[in-house]
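Heads up, the thing below is written out as structure tokens.
The values are calculated or read from the model by the stated rules, or taken from the named source; none is laboratory data. The shown structure was predicted, so the numbers you read here are calculated from the model rather than taken from an experiment. Cβ: placed from backbone, ideal geometry, glycine included. Neighbour counts: every protein chain shown. Heavy atoms of the whole protein, side chains included, go into the accessibility calculation; ligands, DNA and RNA do not. Shrake-Rupley method; radii C 1.70, N 1.55, O 1.52, S 1.80 Å.
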Amino acid sequence: MTQTAAIIGGGPAGLIAAETLAQAGLNVTVYDHMPSVGRKLMMAGRGGLNLTHSEPLDTFLSRYATARSWLEPIIRDYPPEALIAWCNALGQPTFIGSTGRVFPAAMKASPLLRAWLRRLGDLGVQLRARQRWLGWDADGGLRFDGTAPERPDVTILACGGASWPRLGSDAAWTANLPGAVAPLRPANCGFLVDWSPHLRDRFAGTPLKRLAIRFGGELVRGEAVITATGLEGSAIYALSARLRDAIEATGSATIEIDLRPDLSQAALADRLGGPRRSQSLANTLRKQAGLPPESICLVQEALHAGAPSGDLAALIKHLPLRLTAPAPIERAISSAGGLRADAFDSTLMLRDRPGVFAAGEMLDWEAPTGGYLLQACFSTGVAAAKGALAWLDRPA
């Protein structure tokens, strides 16, 4: 008799697990509580669908911080080269961008997802939408909304984290795994700032280009965006884990923004050292320091908050900005926390649920943007499927 598998969750981790099991000859059904699968993948595609990164693997693995110890063998078994080859085999060639990030040539998710779903259909994978997983019944059957319990030979949980819940990752699954879940927290997120009404009303939605942000000895160059409630964007996302943890520990975190990272402080001081005559501060910052209006307003905010006014060059190179809290997890790119590493073994099988495996963002790991998020979702999906296949072949 053909063995059966249930996949709970239709994101990248769940779908690659379904593909791996179906290729091994199992009858596979994917359950998702949304009307269609791959919704967060489609959202990621709006930014170009950064699949993975081309940097050396040891550097790549360092991006997973404390989770590296258990993720490393999983990613080494299904590394970036494997994910790139998989994408190419679906008729979606890839390219490496100027920063080393890897993208499909189409720069969006829809062609890839369509090709993938065709492949899954050819493999006989069944997709069952609008099926919310409610846990297990007394006999170990999978419970869903309004249907009889399902009793597959193996189950893979790929339920996602807690970011962008409107796309499906609403973390409702945590109620089904009591005592095994580390609190879910925002990752790759923006932060709240107590802007003045003037700055908020005039500059919300304005990008801050070509800046650098320092925090805790780390310097990140990139861009950010002023929002109505604070600051977000690539430069702030890269520091978000450390910023979030600092705020949890002390109640706030103060970053330093370098508004002219292309100029040394000495060169900037030379530009500002000439006579101001009757120029206003705003005109001086615009003409002599080359700052745009949004950066000028940040300098003025800092001065109003009590920053020393005697050395404008130092202020422009080390502008302090107090962050009061992470932005809500609903707006975060990803989430930290989830199913703790002590709740599953090296094959990703739950220690208290033989034959049940877990994969993807529901596991307790986090990483920066840059291809590391999708790579780990795909790698853990493949690992969970391989673990399930090994478990099915276990000796009697």
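Computed quantities for the displayed model
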item	result
In Å², nearest 10: area of THR2 left accessible to a 1.4 Å probe	70
Segment SER62-ALA106, extension gain: residue separation times 0.36 nm, minus the distance between their alpha carbons	12.9 nm
Unit charges at the beta carbon, dipole of the chain: most positive-side option, PRO178, VAL225, LEU112	VAL225
Pairwise centroid distance, computed over Cα atoms, of the range 320-396 with the range 244-299, Å	41
FRET efficiency for TRP391 and SER69, using Cβ-Cβ distance with R0 set to 25 Å, rounded to 0.05	0.65
The chain: most fluctuating residue of GLY97, GLY371, GLY146 per GNM, C-alpha cutoff 10 Å	GLY146
Among SER264, GLY338, GLY124 - extreme Cα towards positive end, dipole of the chain, charges at beta-carbon	SER264
Where Cα atoms sit under 30 Å apart: lysine pairs in the chain separated by 8 or more or lying on different chains	8
Candidate residues HIS53, HIS33: accessible-area rank, largest first, probe 1.4 Å	HIS33, HIS53
Given charges at beta-carbon only (K, R positive; D, E negative), |dipole| of the chain in Debye	1200
Accessible area (Å², 1.4 Å probe, nearest 10) - LEU192	50
Linear extension gain, GLU330 paired with ILE96, 0.36 nm per residue minus alpha-carbon span	81.2 nm
Carbon and sulfur %, accessible surface of the range 343-396 computed with the full protein complex present, 1.4 Å	55
Selected from THR29, THR254, THR66 as most flexible by GNM, with the chain as the system and alpha-carbon contacts under 10 Å	THR66
FRET E, pair LYS287, ARG46, Förster distance 45 Å, beta-carbon r, rounded to 0.05	0.75
GNM result for the chain, Cα springs below 10 Å: residue of ALA246, ALA376, ALA138 fluctuating most strongly	ALA138
Cα centroid of the range 77-102 to Cα centroid of the range 156-222, whole Å	26
Theoretical FRET efficiency, 1/(1+(r/R0)^6), r = Cβ-Cβ of ASP139 and ALA341, R0 45 Å, to 0.05	0.95
Helical contribution to [θ] at 222 nm, DSSP H n ≥ 4, -39,500 (n - 2.57), averaged over the chain, rounded to 500	-9500 deg cm²/dmol
ARG132-GLU223 pseudo-label distance in nm [points 7 Å out on the Cα-to-Cβ vector]	3.8
Accessible area per residue, Å², the range 312-383 with all protein chains present, probe 1.4 Å	30
